[in-house]
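Values in this text are rule-based calculations from the coordinates and carry no lab data. Source: prediction; values computed, not measured. In this analysis, Cβ positions are derived from the backbone assuming ideal geometry, glycine residues included, and neighbour counts consider all displayed protein chains.
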Amino acid sequence: MVLKSDTEKIILEAAREVFSEKGLAGARMQEIADRANINKAMLHYYFRSKEKLFDEIFKAAFAEFWPEVQYSLLASLDIEIFLERVLSSYIDLFMNKPYLPIFILSEVNRDPDRLEKLIKESGVNPIAIVNYLNKQMEQGILKKMNPKELLLNIISLSIFPFAGRPLISRMLFDGDDDDFKNVLQSRKQTLIDFLQPLIIKNKA
């Protein structure tokens, strides 16, 4: 494991702030250098481009998300606890990294191969979740359905409010972002309550 220097850590933190505010397209290397209190030449010494810098941050973000999910898979937790952990981890990821959803949507269309590579390099393995869901169905805990479609539904319900945040905040919350954030936080339990009776056998 390669340890990052203090300068690298400062750069990455500055870049996270700029990407959160401007996104990948709007971020500028000079602004990141200014935020990190270094010159642009030094920034380029550590990271040759903003894309390389963003890749590092992207992989680190998903690397924070996946261990919690992986633990839930390996521990063979009760499906209700598993759902809670997955949804909480997913929503927390996008609450704390607001630049990720827009980046994902733009890269899905622009360069899906790069996006797939970044996600896999961060350790995320969706097939492990599909296999877990299949096992739950075989044991009669989950209702029979296509596990990939179920996973797609979970991802869609989780990511859309973040991907559509600029418009949704204006249309439904009159631009009150704090109110919208509160709804996103409570959405963890809302989604659990919504999904459980639909997918778990004998769950009223």
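Annotations
- Residues in region 79-120 that a label on N153 would reach, taking backbone N under 19 Å of a point 7 Å out along Cα→Cβ: 79-88, 90-91
- Globularity index of region 1-54, i.e. its alpha-carbon radius of gyration over 2.2 N^0.38 Å: 1.02
- With θ taken as phi - 60° and the Karplus curve 6.51 cos²θ - 1.76 cosθ + 1.60 applied, the whole-hertz 3J(HN,Hα) list for region 10-18 is 5, 4, 5, 5, 4, 5, 4, 5, 5 Hz, x standing for glycine and proline.
- With R₀ fixed at 35 Å, the C-beta to C-beta distance from A25 to I127 puts the FRET efficiency at about 0.65.
- In percent, rounded to a whole number, the relative contact order of region 11-83 is 27, using alpha-carbon pairs under 8 Å and six or more apart.
- D_trans [Stokes-Einstein, Kirkwood Rh over alpha-carbon pairs] for region 159-204, 25 °C, 0.890 mPa s, µm² s⁻¹: 207 µm²/s
- The amide H of K201, built 1.01 Å from its N in the peptide plane, has L142, K143 as neighbours under 5 Å, considering only residues 5 or more places off or on other chains.
- Equivalent-ellipsoid semi-axes for the chain (Cα gyration tensor, √(5λ), whole Å, largest first): 34, 21, 14.
- Measure of compaction for region 118-204 (Cα Rg per 2.2 N^0.38 Å): 1.33
- For E68 and N37, the difference between the fully extended length at 0.36 nm per residue and the C-alpha to C-alpha distance is 7.7 nm.
- The aspartates and glutamates within cross-link reach of K9, meaning a Cα-to-Cα straight distance under 13 Å and a gap of 8 or more places when in the same chain, are E17, E56.
- Placing +1 on the Cβ of every Lys and Arg and -1 on the Cβ of every Asp and Glu, with nothing else charged, gives region 29-77 a dipole about its Cα centre of roughly 220 debye.
- Backbone HN-Hα couplings from phi across region 32-38 [Karplus 6.51/-1.76/1.60, Hz, Gly and Pro as x]: 5, 4, 4, 5, 8, 6, 10
- Computed over the Cα atoms of region 1-116, pair by distinct pair, the Kirkwood hydrodynamic radius stands at 15.6 angstrom.
- Within the chain, longest stretch clear of exposed trypsin sites (Lys or Arg not before Pro) (DSSP loop, no more than 16 other Cβ within 10 Å): 49-142
- In order along region 180-192, the Karplus-derived 3J(HN,Hα) couplings, from 6.51 cos²θ - 1.76 cosθ + 1.60 at θ = phi - 60°, round to 5, 4, 4, 5, 5, 5, 6, 5, 3, 6, 4, 5, 4 Hz, and Gly and Pro are given as x.
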